[in-house]
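Visitor: First, the structure itself, so that you have it in front of you.
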Amino acid sequence: MNFSNPFLSAALAISVVSVSAGDVRAQQVQPSPRISVSATGTSSIAPDMAILNLSVLRRAETAREALNANSEAMTQVLAAMKEAGVEDRDLQTSNFNISPEYHYPKRASSGEQKPPKIVGYTVSNSLTVRIRNLEELGTILDRSVSLGVNNGGNVQFTNSNSDAPVEEARKNAMQRAIAKAKTLTSEAGVSLGKIVMISEQNRGRPRPKAFARTARLEAASDAVPIASGENSYSVTVNVTWELQQ
């Protein structure tokens, strides 16, 4: 006797449809061939501003004496900066510190160790200065040392506005990435398709240049010679294309 089960037929039909839909989805999620390239572009520009880190360090038997001596010297330095045309917005005090100085007695032959004794105090006061007129930088450095700056001396050349060189570096990076991708695909016998992703990995900053000539500053009678050079900015981009085969 021949008969059919309508429920069984429907289940088989649903199973066939499900498998077919699953095959379609599997084909759709397969990623298309792609190529990813990274490239770095650079741009150089002369600095138009310098950032100084100057410190005054004073020692005395008491904390009050050390503080008074430090304050007197720093007051003169600040006055000299303003006389040189440095604005209040470009002067910032930082890293103020008062520290005791200890004398450690030698250990006795019996092994007894006497406790350390305070023999004085040091007071340090740092000043961050932005110099917007680089022609005055050497003179300001020399004047500051003459007035009492005896520590620090770090100089960093920078730019008040780095948008233009960074934009130029970004364009250069993108051009390099496109040229690299074209070379790779040409050698592989494929072509570039549409861009599917662009990201900027980093944005370079000019490296600080240490000014480590304290001894020469103390002996200088004229303006300190300064070579500002150029600041180099760099940008790295990551670009991904689809491939056309």
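Visitor: Which FRET efficiency value, to the nearest 0.05, is calculated for SER199 and LEU134 with the Förster distance at 30 angstrom and r the Cβ-Cβ distance?
Guide: Approximately 0.25, to the nearest 0.05.
Visitor: Mind giving me the FRET efficiency for THR93 and SER228? R0 is 22 Å, r the Cβ-Cβ distance, nearest 0.05 is fine.
Guide: After rounding, the FRET efficiency stands at 0.30.
Visitor: Which lysines, if any, have their Cα less than 20 Å from the Cα of LYS114, not counting same-chain residues under 8 positions apart?
Guide: Of all the lysines, those that pass the test against LYS114 - Cα under 20 Å, at least 8 places apart if same chain - are LYS106.
Visitor: Would you please classify the overall shape of segment 23-149 from the alpha carbon gyration tensor, given that a ≥ b ≥ c denote the square roots of the eigenvalues, rounded means a/c under 1.5, and beyond that prolate means a/b larger than b/c while oblate covers the rest? All intermediate terms of the calculation are to be shown ahead of the outcome.
Guide: Working: a/c = 4.12, a/b = 1.60, b/c = 2.57.
Because a/c hits 1.5 or more and a/b fails to exceed b/c, segment 23-149 counts as oblate.
Visitor: Which ³J(HN,Hα) values, rounded to whole Hz and listed in residue order, are derived for segment 118-132 from phi using the Karplus coefficients 6.51, -1.76 and 1.60 in 6.51 cos²θ - 1.76 cosθ + 1.60 with θ = phi - 60°, glycine and proline given as x?
Guide: Couplings: 6, 10, x, 9, 10, 10, 10, 9, 9, 10, 9, 10, 9, 9, 8 Hz.
Just so you know, all these numbers are worked out from the coordinates, no wet-lab data involved. As the structure is a computational prediction, the values presented were derived from the model and not from experiment. Virtual Cβ from ideal backbone geometry, glycine too; neighbours counted across all protein chains shown.
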